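Q: I have a structure here, written as structure tokens, and I will follow up with some questions on it.
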Amino acid sequence: MSESATTNAAERYRETLEEMADLVGDRGHHDNPRRWNRLVEQWRADRRLLARTDDGRAAVAVLMDDPRPAVRLWSAAAVLFWDHDSARPVLTEIRDSPMTYDLHSITAKHTLLEFDAGTLDDDARLPGT
């Protein structure tokens with residue numbers, strides 16, 4: 001993938017996660033499944049592209065430090081497949097704070113459980129989606 005294609009995919013990825021975060025807020029609830037599914041499909045397409053290159057993986061990994069839990073959660077779920085040592089603490093923090101993150105906490109829990117069991121498909125939706 002060219003540098004400009006990586007840059008474009010990284011920008012779309014970030015924008016998609018921002019929309020997802022706006023839709024679900026800090027606790028993970030949404031009331032628009034159609035829009036949510038569209039955003040998840042866009043996230044998956046860009047994640048697949050970005051996972052192919054070092055620059056793309058770096059663009060995803062940096063978002064694990066975002067202040068919005070949805071952005072951290074979904075980025076860490078992607079990073080699990082190439083750097084689980086840096087992704088796991090992000091997911092663990094969300095999982096272990098159910099009073100703060102509500103449904104995000106449940107999603108993080110099931111993401112880690114399925115990853116550890118070897119059943120989390122890196123081309124599939126996250127648990128709970």
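The values are calculated or read from the model by the stated rules, or taken from the named source; none is laboratory data. Predicted model only: the values in this text are computed from it and were never measured. As a convention, Cβ positions derive from the backbone with ideal geometry for all residues, glycine included, and neighbour counts pool all protein chains shown.
Q: Pairs only if they're at least six apart or on different chains, beta carbon under 8 angstrom, first in the stretch 8-34 and on the phi > 0 side of the Ramachandran plot, second of a type in the set (Ser, Thr, Tyr); list them, first residue then second.
A: Within 8 Å, the pairs are 28/101; 28/105; 28/107.
Q: Based on what the data block shows, is residue 77 in a helix (DSSP H, G or I), closer than 12 Å to residue 108 by Cβ, in contact with a Gly (Cβ under 9 Å, 6 or more places away or on another chain) and not β-branched (Val, Ile, Thr)?
A: When the stated conditions are applied, residue 77 does not pass them.
Q: So which residues in the stretch 1-31 are closer than 23 Å to residue 109 by Cα and of a type in the set (S, T, N, Q), if there are any at all?
A: The answer is 16, and nothing else.
Q: Can you find a residue in the stretch 11-20 that is of a type in the set (A, V, I, L, M) and farther than 17 Å from residue 101 by Cβ?
A: Within the stretch 11-20, not a single residue is of a type in the set (A, V, I, L, M) and farther than 17 Å from residue 101 by Cβ.
Q: Name the residue, out of 79, 60, that is surrounded by 14 or more Cβ atoms within 10 Å (Cβ to Cβ), within 20 Å of residue 23 (Cβ to Cβ) and modelled with pLDDT of 95 or more. Working first, answer last.
A: Values: 79 fails: within 20 Å of residue 23 (Cβ to Cβ).
Being surrounded by 14 or more Cβ atoms within 10 Å (Cβ to Cβ), within 20 Å of residue 23 (Cβ to Cβ) and modelled with pLDDT of 95 or more holds for just one of 79, 60, which is 60.
Q: Just to verify a result, which residue in the stretch 79-101, among those that are out of contact with any Leu (no Cβ under 8 Å at 6 or more places or on another chain) and of a type in the set (Gly, Ala, Ser), is farthest from residue 25 (Cα to Cα)?
A: 86
Q: Against the condition at pLDDT below 95 and either among the small types (Gly, Ala, Ser) or assigned to a helix (DSSP H, G or I) (or both), how does residue 87 come out, does it pass?
A: Working: at pLDDT below 95: no; either among the small types (Gly, Ala, Ser) or assigned to a helix (DSSP H, G or I) (or both): yes.
So residue 87 does not fit the description; no.
Q: Which of the residues that make up the stretch 55-88 are of a type in the set (Asp, Glu) and over 13 Å from the mean Cα position of the chain (by Cα)?
A: 55, 83, 85 - these are the residues of the stretch 55-88 that are of a type in the set (Asp, Glu) and over 13 Å from the mean Cα position of the chain (by Cα).
Q: Further question on the same structure: Give 66, 102, 123 a once-over and let me know the one that is at pLDDT below 95 and under 17 Å from residue 13 (Cα atoms).
A: Working: 66 fails: at pLDDT below 95; 102 fails: under 17 Å from residue 13 (Cα atoms).
The unique qualifying residue is 123.
Q: Looking at 39, 112, 120, 91, which is the one that is in contact (Cβ under 8 Å) with a residue 40 or more places away in the chain and either within 14 Å of the chain's Cα centre (by Cα) or closer than 26 Å to residue 2 by Cβ (or both)?
A: Of 39, 112, 120, 91, the one residue that is in contact (Cβ under 8 Å) with a residue 40 or more places away in the chain and either within 14 Å of the chain's Cα centre (by Cα) or closer than 26 Å to residue 2 by Cβ (or both) is 120.
Q: Can you say whether residue 31 is touching a helix residue (DSSP H, G or I) at 6+ places or on another chain (Cβ under 8 Å), under 22 Å from residue 102 (Cα atoms) and surrounded by fewer than 20 Cβ atoms within 10 Å (Cβ to Cβ), as far as the supplied structure shows?
A: Spelling it out, it is not the case that residue 31 is touching a helix residue (DSSP H, G or I) at 6+ places or on another chain (Cβ under 8 Å), under 22 Å from residue 102 (Cα atoms) and surrounded by fewer than 20 Cβ atoms within 10 Å (Cβ to Cβ).
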